[in-house]
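The values are calculated or read from the model by the stated rules, or taken from the named source; none is laboratory data. If you're wondering where the values come from, they're calculated on a predicted model, not measured in any experiment. Backbone-built Cβ (ideal geometry, glycine too); neighbour counts: all protein chains shown. These accessible areas exclude ligands, DNA and RNA; they are computed on the full protein's heavy atoms, side chains included. Shrake-Rupley method; radii C 1.70, N 1.55, O 1.52, S 1.80 Å.
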Amino acid sequence: MHVTHDPAAAASPTIDFNSFLKVDVRVGTIIDAKPFPEARKPAWRLWIDFGPAIGVRKSSAQITENHPLETLVGQQVAAVVNFPPRQIGPVVSEVLTLGFPDADGKVVLVQPSKPVPNGGRLF
């Protein structure tokens, strides 16, 4: 799924602003988080509230190394909300929760530096 985790890799080809606008990245608050033992790689199941226009969406997130399950509820995260749903084992993931790789390649969630309204779009 990921192109590269190498921080020294060259940037992707240039896109125009309209292409960027096609990717709808929103902020939401995790309202529930559960283990996902059926996943091939360690993951959590997340329910994320994106506010009244989008509502609560589900995500499967491979964030177990840096984000213990008991710390997730109440955290705000960024996610792509306009990808088609994806079947991951017995679970349908409705959004792509975003993160960056740490020095060991483990995911660190993308989060706002202070609270913002759910559903806010990245610009």
Under the helix-only model (-39500 (n - 2.57) for each DSSP H run of 4 or more, divided by the residues of the chain), the mean residue ellipticity at 222 nm, to 500 deg cm²/dmol, is -1000 deg cm²/dmol
Those GluC sites (Glu not before Pro) in the range 34-83 that DSSP places in a loop and that have at most 14 other beta carbons within 10 Å: 38, 65
Accessible area per residue of the chain at 1.4 Å probe, in Å²? 66
When all alpha-carbon pairs of the range 17-117 are counted, what percent fall beyond 20 Å? 36
Residue 5 - accessible surface, heavy atoms, 1.4 Å probe, Å² rounded to 10: 90
Please name whichever of 27, 93, 107 sits farthest to the positive end of the charge dipole of the range 17-117, dipole taken about the Cα centre and charges placed at Cβ: Lys and Arg +1, Asp and Glu -1. 93
Could you check the spin-label model distance between residue 82 and residue 113? Points 7 Å from the Cα along Cα→Cβ, value in nm. 2.7
Please compute the net charge surrounding residue 91, taking Lys and Arg as +1 and Asp and Glu as -1 over other residues with Cβ under 11 Å from its Cβ. +2
Please give every one of the lysines within straight-line cross-link reach of residue 34, meaning a C-alpha to C-alpha distance under 23 Å, and leave out same-chain neighbours fewer than 8 residues apart. 58, 106
Enter the Cα centre distance for the pair the range 82-111 and the range 1-52, rounded to the nearest angstrom. 4
